[in-house]
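Following this message is one structure expressed as structure tokens.
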Number of protein chains: 2
Amino acid sequence: MKTIITYGTFDLFHIGHVNLLKRAKSLGDHLIVGVSTDEFNQSKGKSTLIPFEHRMAILESCRYVDTVIPEENWAQKADDIKKYKVDTFVIGDDWLGQFDELKAQCNVVYLSRTKQISSSSIKQALQLLSQLDKELG
Amino acid sequence: MKTIITYGTFDLFHIGHVNLLKRAKSLGDHLIVGVSTDEFNQSKGKSTLIPFEHRMAILESCRYVDTVIPEENWAQKADDIKKYKVDTFVIGDDWLGQFDELKAQCNVVYLSRTKQISSSSIKQALQLLSQLDKELG
């Protein structure tokens with residue numbers, strides 16, 4: 001059995017997430033997803049609109065995902081790869097080259113991201129809509 | 001085999017959607033989801049942030065959902081129930097009583113919605129954040 005692992009925040013679950021998870025799963029048999037906790041995000045100065053428990057539950061409802069675990073710190077990836085006997089670590093290519101040190105432990109694959117969609121772009125679109133509403137209203 | 005059907009827009013896929021789909025699926029064996037097209041929403045004066053094709057694909061990635069179909073007009077429900085030999089029509093209880101006429105064709109179940117979350121509440125939260133950003137920025 002080939003085990004794949006990926007990590008992310010998965011705020012405002014969108015088509016880009018689905019595409020990445022589907023492709024990650026297609027690389028093996030069992031897909032583990034590490035979801036950043038709210039505390040870990042806070043330590044990075046990052047906030048989400050959707051709380052951790054909801055983000056976990058949404059990932060668990062995805063047919064491409066077999067196991068969901070919390071991601072609590074930067075050092076965890078190397079431990080998880082060992083613990084879960086991971087064959088391939090997958091991440092979006094916005095992180096290109098930044099996890100090459102994991103190549104000592106397993107395959108590292110950077111997947112191209114879905115164009116024109118991200119949690120940030122959804123937030124920006126909402127802000128523009130809200131501004132337009134005010135200007136027109 | 002017991003067939004269940006539900007309908008919705010599923011903009012900004014969230015925990016409330018997941019809970020409803022999981023409970024709908026638990027009422028039978030095969031869950032069909034009708035997703036409002038952008039044109040149908042337009043005719044209702046409703047707009048979404050996420051385009052129809054993305055909303056369809058996200059539903060298709062959900063493990064509780066077996067078949068996804070477009071919903072194009074109000075009259076379609078009665079036709080679908082006949083066409084797919086539906087046993088139970090399910091919808092959130094914000095529509096309580098409004099689909100009772102379908103009881104002539106199948107079971108009609110109104111499920112309670114997940115408290116404190118909806119696509120609208122996510123949009124409102126984003127607008128508040130954006131306003132706060134401006135005031136603080």
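Filter the stretch A:1-19 down to the residues that are away from chain B (no Cβ under 11 Å) and either surrounded by 21 or more Cβ atoms within 10 Å (Cβ to Cβ) or not charged (D, E, K, R) (or both) and list them by number. Please lay out each step first, then the result.
Looking only at the stretch A:1-19, we keep the residues that are away from chain B (no Cβ under 11 Å), and these are A:1-9.
Of everything in the stretch A:1-19, those that are away from chain B (no Cβ under 11 Å) and either surrounded by 21 or more Cβ atoms within 10 Å (Cβ to Cβ) or not charged (D, E, K, R) (or both) turn out to be A:1, A:3, A:4, A:5, A:6, A:7, A:8, A:9.
Does residue A:113 fit the bill of being modelled with pLDDT under 95, under 30 Å from residue B:17 (Cβ atoms) and not in a strand (DSSP E or B)?
Taking the combined requirement at face value, the residue satisfies it.
Continuing with this model, one more query. What tally of residues in the stretch B:46-67 results from selecting those that are buried (at least 16 other Cβ atoms within 10 Å of the Cβ), in contact with a Lys or Arg (Cβ under 8 Å, 6 or more places away or on another chain) and at the interface with chain A (Cβ under 8 Å from one of its Cβ atoms)?
Total meeting the criteria: 4.
I'd like to check something: does the stretch A:27-36 contain any residue that is within 22 Å of residue B:51 (Cα to Cα) and either within 14 Å of chain B (Cβ to nearest Cβ) or crowded, with 18+ Cβ neighbours inside 10 Å (or both)?
Initially, the stretch A:27-36 is screened for residues within 22 Å of residue B:51 (Cα to Cα), giving none.
For the stretch A:27-36, residues within 22 Å of residue B:51 (Cα to Cα) and either within 14 Å of chain B (Cβ to nearest Cβ) or crowded, with 18+ Cβ neighbours inside 10 Å (or both): absent.
Does the stretch B:59-81 contain any residue that is in contact with a Leu (Cβ under 6 Å, 6 or more places away or on another chain) and among the small types (Gly, Ala, Ser)?
no
Take residue A:94 and decide whether it is surrounded by fewer than 20 Cβ atoms within 10 Å (Cβ to Cβ), more than 14 Å from chain B (Cβ to nearest Cβ), over 21 Å from residue A:3 (Cα atoms) and in contact with a helix residue (DSSP H, G or I) (Cβ under 6 Å, 6 or more places away or on another chain). If you could, list the steps in order and put the result at the bottom.
Working: surrounded by fewer than 20 Cβ atoms within 10 Å (Cβ to Cβ): yes; more than 14 Å from chain B (Cβ to nearest Cβ): yes; over 21 Å from residue A:3 (Cα atoms): yes; in contact with a helix residue (DSSP H, G or I) (Cβ under 6 Å, 6 or more places away or on another chain): no.
Judged against the criteria, residue A:94 is not a match.
Considering every residue within the stretch B:67-85, establish whether at least one is at positive phi and modelled with pLDDT of 95 or more. Lay out the reasoning, then the answer.
First pass over the stretch B:67-85, keeping only residues at positive phi: B:85.
Next cut, modelled with pLDDT of 95 or more only: B:85.
Among the residues of the stretch B:67-85, at least one is at positive phi and modelled with pLDDT of 95 or more, which makes the answer yes.
Additional query: In the stretch B:23-77, which residue that is of a type in the set (S, T, N, Q) and assigned to a loop (DSSP other than H, G, I, E, B) is nearest to residue A:63 (Cα to Cα)?
Of all residues in the stretch B:23-77, those of a type in the set (S, T, N, Q) come to B:26, B:36-37, B:41-43, B:47-48, B:61, B:67, B:73, B:76.
Cutting the leftovers down to assigned to a loop (DSSP other than H, G, I, E, B) gives us B:37, B:47-48, B:61, B:73.
Values: B:37: 23, B:47: 28, B:48: 24, B:61: 6, B:73: 29 Å.
Filtering the stretch B:23-77 for residues that are of a type in the set (S, T, N, Q) and assigned to a loop (DSSP other than H, G, I, E, B), the one nearest to residue A:63 (Cα to Cα) comes out as B:61.
Testing residue B:59 on (1) within 25 Å of residue A:127 (Cβ to Cβ); (2) in contact with a strand residue (DSSP E or B) (Cβ under 9 Å, 6 or more places away or on another chain), one condition comes back false. Which one is that?
Among (1) within 25 Å of residue A:127 (Cβ to Cβ); (2) in contact with a strand residue (DSSP E or B) (Cβ under 9 Å, 6 or more places away or on another chain), residue B:59 violates only (1).
Could you identify the single residue in A:133, A:100 that is more than 19 Å from residue A:36 (Cβ to Cβ) and modelled with pLDDT of 95 or more?
Details: A:133 fails: modelled with pLDDT of 95 or more.
Unique residue meeting the criteria: A:100.
Which is in contact with a helix residue (DSSP H, G or I) (Cβ under 7 Å, 6 or more places away or on another chain) and either within 14 Å of chain B (Cβ to nearest Cβ) or assigned to a helix (DSSP H, G or I) (or both), of A:122, A:81? So that I can check it myself, show each step before the final result.
Details: A:122 fails: in contact with a helix residue (DSSP H, G or I) (Cβ under 7 Å, 6 or more places away or on another chain).
That would be A:81, the only listed residue that is in contact with a helix residue (DSSP H, G or I) (Cβ under 7 Å, 6 or more places away or on another chain) and either within 14 Å of chain B (Cβ to nearest Cβ) or assigned to a helix (DSSP H, G or I) (or both).
Residue B:24 passes all but one of (1) more than 14 Å from every other protein chain (Cβ to nearest Cβ); (2) on the phi < 0 side of the Ramachandran plot; which number fails?
Result: residue B:24 passes all but (1).
Okay, moving on. Take residue B:97 and decide whether it is in contact with an Asp or Glu (Cβ under 6 Å, 6 or more places away or on another chain) and either outside any helix (DSSP H, G or I) or under 27 Å from residue A:54 (Cβ atoms) (or both). Before the answer, list the steps.
Working: in contact with an Asp or Glu (Cβ under 6 Å, 6 or more places away or on another chain): no; either outside any helix (DSSP H, G or I) or under 27 Å from residue A:54 (Cβ atoms) (or both): yes.
Considered against the rule, which asks whether it is in contact with an Asp or Glu (Cβ under 6 Å, 6 or more places away or on another chain) and either outside any helix (DSSP H, G or I) or under 27 Å from residue A:54 (Cβ atoms) (or both), residue B:97 comes out as no.
The values are calculated or read from the model by the stated rules, or taken from the named source; none is laboratory data. Nothing here was measured: the structure is a model prediction, and the numbers come from that model. A quick note on method: Cβ atoms are made from the backbone with ideal geometry, for glycine too, and the neighbour counts reach across all protein chains shown.
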